[in-house]
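Right, one structure below, let's go through it.
The values are calculated or read from the model by the stated rules, or taken from the named source; none is laboratory data. If you're wondering where the values come from, they're calculated on a predicted model, not measured in any experiment. Heads up: the accessible areas ignore ligands, DNA and RNA and are worked out on the full protein's heavy atoms, side chains in. Shrake-Rupley method; radii C 1.70, N 1.55, O 1.52, S 1.80 Å.
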Amino acid sequence: MLATLPFSLNFFHPLTEWSLLAVGGWALYLGIKAKKTRTGTPEQRKQLVSGKFAQRHYRWGALFLAVMTLGTLGGMAVTYLNNGKLFMGPHLLVGLAMTGMIAVAASLAPLMQQGNLIARKAHVGLNMGVLTLFLWQAVSGMEIVNKIWSNR
């Protein structure tokens, strides 16, 4: 059992990140609904306000930030434990950039709560960038998983 643990850990990061991609999509949906609640017609706002989309977006976004940070660090830790080094390449560098981007996007929340439109646009732009890069990471990550599986 313990002998297979390091090999099995290789798959924890990809499974976590695929789940996180779904969470990111859900947070995006909630963010769009929160914007519609804020900017829609009075009738639309009346219908949407009971959904508490802004609060739900905030909670799912916080979960996204936490899991992405832990997933990034966990993926790096498992790689180092199994190989004695990190592989400096696009997957690692883009993952680190995404983690930084999501942290900056989350740090804009207090300014957005004060109505700062520039902070809101930066938040949306950073998060859309993260989700776009995430799609590429999913593909490049599966190439890495295939390589690990082939070399078992």
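With N set to the residue count of segment 36-113, report its C-alpha Rg divided by 2.2 N^0.38 Å to two decimal places.
Taking the Cα Rg and dividing by 2.2 N^0.38 Å, one obtains 1.58.
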For Rg and Dmax of the Cα atoms in Å, with candidates (1) 29.0, 88; (2) 15.7, 49; (3) 18.3, 62, the value calculated from the shown model is option (3)
Check: in the chain the Lys pairs 8 or more apart or on separate chains whose Cα atoms fall under 28 Å apart number 12
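What number comes out for accessible area per residue over segment 12-103 if the probe is 1.4 Å? Units Å², please.
Working: 5770 Å² over 92 residues.
Value for segment 12-103: 63 Å² per residue.
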Extension length gain for LYS35 and ARG152 (0.36 nm per residue less Cα distance), in nm, is 37.3 nm
With only helices counted (DSSP H, runs n ≥ 4, each -39500 (n - 2.57)), the per-residue ellipticity at 222 nm for the chain, to the nearest 500, works out to -28500 deg cm²/dmol
So the carbon and sulfur contribution to the accessible area of the chain, 1.4 Å probe, in percent, is 70 percent
Over all directions, segment 86-140 yields a Cα convex hull whose mean projected area in nm² is 3.8 nm²
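If you rank ILE118, ILE102, ILE144 by how much accessible surface each has, with a 1.4 Å probe, what is the order from largest down?
Details: ILE118 140, ILE102 10, ILE144 70 Å².
Of ILE118, ILE102, ILE144, the descending order of accessible area is ILE118, ILE144, ILE102.
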